[in-house]
Amino acid sequence: MKYTKHETAIVDEGAVIGEGTRVWHWVHICAGAKIGERCSFGQNVFVGNRVVIGNNVKVQNNVSIYDNVFLEDDVFCGPSMVFTNVYNPRSAVTRKDEYRDTIVKKGATIGANATVVCGVTIGEYAFIAAGAVVNKDVKPFALMAGVPAKQIGWMSRFGERISLPLEGNAEWRCPHMGDIYLLSSGNMEIKK
């Protein structure tokens, strides 16, 4: 075993877990899960069968990652944040064939107690504030807050607010990493 697993954790046979990953107290990882290297799963995390998780993903306590959720490298899931996989669940109606894919792109952060409604894509390095409810796609580098979540700004790869407007054309240099961010037609990117 190339990963660390607490004695209370359950990892079903068939799960693929990368080297250096840490699986803490009361975690359950299902057989079909594919998990990268250097990840961390806090207490009471659940990972479903049809889940793919990249490298260096941090999942804090009390998070359930259900089928059809895909997390790219360097994603952060804050404590007690929620993923869903059925848009209109009913106990008496089976909808397992209606699961909607949720994709969280590289470097994105989802804050504590946020909810991500299934079927959305959260862009690279986006930042979802604590308690926000995401029910539509999120642009790369967008800072989202509220219920439902609305864009209130931009965030850098370093995790600090970018001081540019939501629209227009402008540039900003990160004082920590030296990246130059280019805002063009309402979209943010790092200048190459």
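The values are calculated or read from the model by the stated rules, or taken from the named source; none is laboratory data. The structure presented is a predicted model; accordingly, all values stated were derived computationally and were not measured. All Cβ positions, glycine included, derive from the backbone under ideal geometry; neighbour counts span all protein chains shown. Heads up: the accessible areas ignore ligands, DNA and RNA and are worked out on the full protein's heavy atoms, side chains in. Shrake-Rupley method; radii C 1.70, N 1.55, O 1.52, S 1.80 Å.
Restricting to segment 90-117, give me the number of residues that are surrounded by fewer than 18 Cβ atoms within 10 Å (Cβ to Cβ), of a type in the set (Ser, Thr, Tyr) and within 19 Å of ASN49 (Cα to Cα). Count: 1.
Annotation: of all residues in segment 42-51 being touching an Asp or Glu at 6+ places or on another chain (Cβ under 9 Å), free of Cβ contacts under 8 Å to residues at least 40 places away in the same chain and not small (Gly, Ala, Ser), the one that is least open to solvent (accessible area, probe 1.4 Å) is VAL51. Of the residues making up segment 138-192, those that are open to solvent by 70 Å² or more (accessible area, probe 1.4 Å) and closer than 21 Å to SER80 by Cα are VAL147, LYS150. Of the residues making up segment 1-41, those that are open to solvent by 70 Å² or more (accessible area, probe 1.4 Å), part of a loop (DSSP other than H, G, I, E, B) and farther than 19 Å from CYS77 by Cβ are MET1, LYS2, GLU7, GLU13, GLU19.
Return the residues of segment 118-133 that are over 19 Å from MET188 (Cα atoms), open to solvent by 30 Å² or more (accessible area, probe 1.4 Å), without any contact (Cβ under 8 Å) to a residue 40 or more places away in the chain and part of a loop (DSSP other than H, G, I, E, B); say none if nothing qualifies. If the condition is that a residue be over 19 Å from MET188 (Cα atoms), open to solvent by 30 Å² or more (accessible area, probe 1.4 Å), without any contact (Cβ under 8 Å) to a residue 40 or more places away in the chain and part of a loop (DSSP other than H, G, I, E, B), then GLY119, GLY131 are the ones that fit. Taking the criterion of being of a type outside the set (A, V, I, L, M), part of a strand (DSSP E or B) and at pLDDT below 95, the residues of segment 167-186 that qualify are GLU171, TRP172, ARG173, SER184.
Matching residues to (1) over 28 Å from ILE29 (Cα atoms); (2) part of a strand (DSSP E or B); (3) in contact (Cβ under 8 Å) with a residue 24 or more places away in the chain; (4) in contact with a helix residue (DSSP H, G or I) (Cβ under 9 Å, 6 or more places away or on another chain):
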| position | (1), (2), (3), (4) |
| --- | --- |
| ASN62 | no, no, no, no |
| PHE70 | no, yes, yes, no |
| ASP74 | no, no, yes, no |
| SER80 | no, no, yes, no |
| ARG100 | no, no, yes, no |
| GLY107 | no, no, yes, no |
| PRO165 | yes, no, no, no |
